[in-house]
Amino acid sequence: MQFQYDQLLLQMLIVQIPIILYLVISNDRGDKAGENVLWGILCAITMGLSVSFSIILDGIRLDSRMVPWYLAFIYGGNYAGILVTVCFFIVRLLYGGIGMVPSFIGMLISVVFIFWTKNKFHTLIVKKKIYLSVLFVSFSSAMLPIIALLFGKDLTTMTTLLNYSLFVLVNGLLAWFSIYLIESHREKMLLRKEIQRNEKMQVVGELAASVAHEIRNPMTSIKGFLQLLTKADNLSAPQKEYLNISLEELNRANEIISDYLSLGKSQSRKKHSVLDLELEAKKSISSLSSYAMLFNVDVAFEIQGRAVIMGNSAQIQQMFVNLIKNAIEAAAKNVQVSIRQNEKEVHILICDDGEGMSADQLDKLGLPFYSTKEKGTGLGLMVTLQIIKELGGKWRVTSDKKRGTMFHITFSEI
Ligand code: ADP
Ligand code: MG
């Protein structure tokens, strides 16, 4: 009995269909549900084609159905996976034959294992994703002949064994190739998103900073004259009140302009020195004490170990102030600022028990002008993240609509 190489090549080509179509069609518009449905349908069609053009050996159909089935579960989620599974049962039932029952049993066992693999998969690095997929697809493909053997089929001749081994090998190879293609495509998409984001920030930053600079000078003279006016003694009480409001609003405008100005400046030009984070954090917290009181929020501070980094004091304080200010604005009752030092790293945690953020909000975090507040500028976080980046730090945010938000910043210690 000869192996049907042409059929084998056809199987390999069929499995590429969903991947190629997906790479062309998929975009980053973020319509996750729509994309999952599309992916499920593509995988189901591929699986159907794969089974239709199977290599039939002694009544057993050998094909690459496991690959689109696996890809549907991994990249499309449970619904897409179940859709492909149901389609498989229907298609396989239509073809019938002695291999039908073993293939149903094999599929059911694989479905149980896929749930375990699926959860693990997305936490892995690309290399391990490929290993895991190759192992899974090879084992689930090898299961078919093993089950057929248990059903009393004689598969022990040399050629049959060779054919089955080749079939398992091809499926493993296809899994490797598919995961590699999809993962590298995803990586490129992420990179593109990041570049677009950075470009947007740069343009906004430069433009805003130049405008802000021009506005600052006339504002300084307005402020000076208003201050002079407050000293006049023939003012009525309401007039004094109006002047005070004008001065307050001018101060607020000045703060906003400071935010804009720090966008355009290259932070790396600033002078760096050895900084004690405990001191910087305490200064920032005390400068916000009246603000916290206004919101009726308690700001607690704790430190473990010695936290010393290289940086610019004004920048670090700006980072603390922006983050703690946001936390105070969101918090219900408490804000906790903690600093921990371990293994050459300093961790800063800023937690609040406030309203939290949804996945969509988290995605937009740090974009210029993104604010959910009535009087917000949507610049504080953008500046903060820029500062962290320029100081070589990393940041991560976890947020829960019920429990609040935690910003976790890591710097390397000196
Ligand atoms: P602003 O404070 O002026 O709105 P920011 O850049 O500081 O601008 O913050 C952007 C947005 O991020 C906020 O409007 C808010 O929706 C969200 N945000 C930031 N920090 C928190 C937090 N601790 N809890 C909930 N939402 C937050
Ligand atoms: Mg803010």
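Within the stretch 322-335, track down each residue that is over 17 Å from Thr410 (Cα atoms) and within 12 Å of ligand 2 (Cβ to nearest atom).
Narrowing the stretch 322-335 to residues over 17 Å from Thr410 (Cα atoms): 325-335.
Passing the criteria: Lys325, Asn326, Ala327, Ile328, Glu329, Ala330.
Criterion first (in contact (Cβ under 8 Å) with a residue 24 or more places away in the chain, closer than 22 Å to Ala292 by Cβ and not in a loop (DSSP other than H, G, I, E, B)) does Thr384 satisfy it? Quick ask: steps written out before the conclusion?
On the way: in contact (Cβ under 8 Å) with a residue 24 or more places away in the chain: yes; closer than 22 Å to Ala292 by Cβ: yes; not in a loop (DSSP other than H, G, I, E, B): yes.
Answer is yes for this residue.
Within the stretch 387-410, the set of residues being without any contact (Cβ under 8 Å) to a residue 60 or more places away in the chain, in a loop (DSSP other than H, G, I, E, B) and of a type outside the set (Lys, Arg) comprises Gly392, Gly393.
Among the candidates Gly404, Gly311, the residue that is under 23 Å from Ser290 (Cβ atoms) and more than 13 Å from ligand 2 (Cβ to nearest atom) is uniquely Gly404. Yes or no: Glu187 under 41 Å from the mean Cα position of the chain (by Cα) and surrounded by fewer than 13 Cβ atoms within 10 Å (Cβ to Cβ)? When the stated conditions are applied, Glu187 passes them.
Taking the listed residues Met189, Met201, the one that is at pLDDT below 90, part of a helix (DSSP H, G or I) and not assigned by TED's automatic domain parsing to the domain that holds Glu255 is Met189, with no other qualifying. Return yes when Ile409 is out of contact with any His (no Cβ under 9 Å at 6 or more places or on another chain), open to solvent by less than 60 Å² (accessible area, probe 1.4 Å) and more than 10 Å from ligand 1 (Cβ to nearest atom) and no when it is not. So Ile409 fails the test.
Residues in the stretch 339-361 that are within 9 Å of ligand 1 (Cβ to nearest atom) and either of a type in the set (A, V, I, L, M, F, W, C) or assigned to a loop (DSSP other than H, G, I, E, B) (or both): Ile350, Cys351, Gly354, Glu355, Gly356, Met357.
With the condition kept exactly as written, say whether any residue in the stretch 336-352 is over 24 Å from Leu279 (Cβ atoms), in contact with a Phe, Trp or Tyr (Cβ under 7 Å, 6 or more places away or on another chain) and within 16 Å of ligand 2 (Cβ to nearest atom).
Residues of the stretch 336-352 over 24 Å from Leu279 (Cβ atoms): none.
So far as the stretch 336-352 goes, no, none of its residues is over 24 Å from Leu279 (Cβ atoms), in contact with a Phe, Trp or Tyr (Cβ under 7 Å, 6 or more places away or on another chain) and within 16 Å of ligand 2 (Cβ to nearest atom).
Within the stretch 365-378, if we keep just the residues that are within 21 Å of the chain's Cα centre (by Cα) and within 6 Å of ligand 1 (Cβ to nearest atom), the residue that is most open to solvent (accessible area, probe 1.4 Å) turns out to be Thr372.
Number of residues in the stretch 379-400 that are near ligand 1 (Cβ under 8 Å from one of its atoms) and of a type outside the set (Val, Ile, Thr): the value is 5. With respect to (1) surrounded by fewer than 14 Cβ atoms within 10 Å (Cβ to Cβ); (2) part of a helix (DSSP H, G or I); (3) small (Gly, Ala, Ser), the lone exception for Ala232 is condition (2).
Taking first residues from the stretch 361-379 that are within 22 Å of Gln202 (Cβ to Cβ) and partners that are among the aromatic types (Phe, Trp, Tyr) and more than 10 Å from ligand 2 (Cβ to nearest atom), the Cβ contacts under 8 Å between residues at least 6 apart in sequence or on separate chains come to Lys364/Tyr370; Thr377/Phe369; Gly378/Phe369; Gly378/Tyr370; Leu379/Tyr260; Leu379/Phe369. Does the stretch 368-377 include one or more residues that are assigned to a loop (DSSP other than H, G, I, E, B), over 20 Å from Ser284 (Cβ atoms) and away from ligand 2 (no atom under 16 Å from the Cβ)? Scanning the stretch 368-377 turns up no residue that is assigned to a loop (DSSP other than H, G, I, E, B), over 20 Å from Ser284 (Cβ atoms) and away from ligand 2 (no atom under 16 Å from the Cβ).
Just one of Glu278, Glu302, Glu249 is open to solvent by 60 Å² or more (accessible area, probe 1.4 Å), away from ligand 2 (no atom under 16 Å from the Cβ) and either among the small types (Gly, Ala, Ser) or assigned to a helix (DSSP H, G or I) (or both); which is it? It would help to see each step written out before you state the result.
On the way: Glu278 fails: open to solvent by 60 Å² or more (accessible area, probe 1.4 Å); Glu302 fails: either among the small types (Gly, Ala, Ser) or assigned to a helix (DSSP H, G or I) (or both).
Every option except Glu249 fails the conditions.
The residue that is modelled with the lowest pLDDT, among those in the stretch 350-361 that are of a type in the set (A, V, I, L, M, F, W, C) and open to solvent by 20 Å² or more (accessible area, probe 1.4 Å), is Ala359.
Here is a list: Phe136, Phe177. Which entry is part of a helix (DSSP H, G or I) and in contact with a helix residue (DSSP H, G or I) (Cβ under 6 Å, 6 or more places away or on another chain)?
Values: Phe177 fails: in contact with a helix residue (DSSP H, G or I) (Cβ under 6 Å, 6 or more places away or on another chain).
Exactly one residue qualifies, and that residue is Phe136.
The values are calculated or read from the model by the stated rules, or taken from the named source; none is laboratory data. Predicted, not measured: the structure shown is a model, and the values here were computed from it. Note that we place each Cβ from the backbone using ideal geometry, even for glycine, and neighbour counts take in every protein chain shown. Just so you know, the surface numbers come from the protein's heavy atoms only, side chains and all, with ligands and any DNA or RNA stripped out. Shrake-Rupley method; radii C 1.70, N 1.55, O 1.52, S 1.80 Å.
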